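Report on the following structure.
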Amino acid sequence: MMRIGIYPGSFDPVTYGHLDIIHRASRLVDKLYVAVSSNPNKQSFFEISERMTLLQEALKKSKNVILDHFSGLLVSYAKEKKAAVIFKGLRAFSDFEYEFRMALANRELEPEVETVFLMTSHQYAYLSSSLVKEVITLGGSLKGMVPPFVEKKLKEKISIR
Ligand code: ADP
């Protein structure tokens, strides 16, 4: 039986922290859906199509990774894709409480789908999409935080604002 996993997120934009988790998760399943959440109520920096274009570029060498997007309940999406596992990345301890509650809620909604937490590499433990946006807005370098084409896109976006 094919083992299918989902790694959901807003990826606004994708960072090396996300890519580290994708790499780890993709080794644990036969097929991994990287699923960009489109939440119309959440203000995002990049449009969903832009976030997907950046992810596509970052993931072009990944063999068993499929890029997709979803809206609505994550567990419904997981069921639709016949996924057994939802992967979440953990950075600092501060991620834990929220993710713990979400995992329990999702289990209540869909007991068949398991949430698996993957620990990030220590060098990305501080990294988040919001930090990246803050640094670039203040004129800092994103070296070691995001791929160069993501930094370029961020700079373009800021200059037309
Ligand atoms: P962000 O908090 O960066 O805006 P997303 O909503 O895109 O994140 O996050 C999607 C998933 O990726 C979440 O499970 C989140 O914990 C995880 N994640 C984000 N950045 C990192 C990182 N640097 N290391 C490990 N996991 C991460």
Tally time: how many residues in the range 1-36 are more than 10 Å from the ligand (Cβ to nearest atom) and in a loop (DSSP other than H, G, I, E, B)? 7
In the set 99, 108, the lone residue that is assigned to a helix (DSSP H, G or I), among the acidic types (Asp, Glu) and surrounded by 12 or more Cβ atoms within 10 Å (Cβ to Cβ) is 99
With the requirement that a residue be surrounded by 15 or more Cβ atoms within 10 Å (Cβ to Cβ) and within 18 Å of residue 55 (Cβ to Cβ), what does the range 69-82 give you? 69, 70, 74, 77, 81
Scanning for something out of contact with any helix residue (DSSP H, G or I) (no Cβ under 8 Å at 6 or more places or on another chain), assigned to a helix (DSSP H, G or I) and touching a residue at least 12 places away in the same chain (Cβ under 8 Å), does the range 37-49 turn up at least one residue? yes
For the range 122-154, name all the residues that are under 26 Å from residue 50 (Cβ atoms), within 15 Å of the ligand (Cβ to nearest atom) and part of a loop (DSSP other than H, G, I, E, B). 126, 127, 128, 142, 144, 145, 146, 147
Please go through the range 50-60 and pick out each residue that is touching a helix residue (DSSP H, G or I) at 6+ places or on another chain (Cβ under 9 Å) and in a helix (DSSP H, G or I). 50, 53, 54, 55, 57, 58
Which of (1) in contact with a strand residue (DSSP E or B) (Cβ under 8 Å, 6 or more places away or on another chain); (2) of a type in the set (S, T, N, Q); (3) more than 19 Å from residue 25 (Cβ to Cβ) does residue 120 not meet, given it meets every other one? (3)
Across the range 43-68, what is the total count of residues that are at pLDDT below 95, within 23 Å of residue 2 (Cβ to Cβ) and surrounded by 15 or more Cβ atoms within 10 Å (Cβ to Cβ)? 1
Name the pairs whose Cβ atoms lie under 6 Å apart, with the first residue in the range 133-155 and closer than 14 Å to residue 16 by Cβ, the second loosely packed, with under 13 Cβ neighbours inside 10 Å, and 6 or more positions between them or separate chains? none
Could you tell me which of the residues 83, 35, 25 is at pLDDT 95 or above and more than 25 Å from residue 132 (Cβ to Cβ)? 83
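The values are calculated or read from the model by the stated rules, or taken from the named source; none is laboratory data. Note that the coordinates shown come from a computational prediction; the quantities given were computed from them, not determined experimentally. We place every Cβ from the backbone using ideal geometry, glycine too, and count neighbours over all the protein chains shown.
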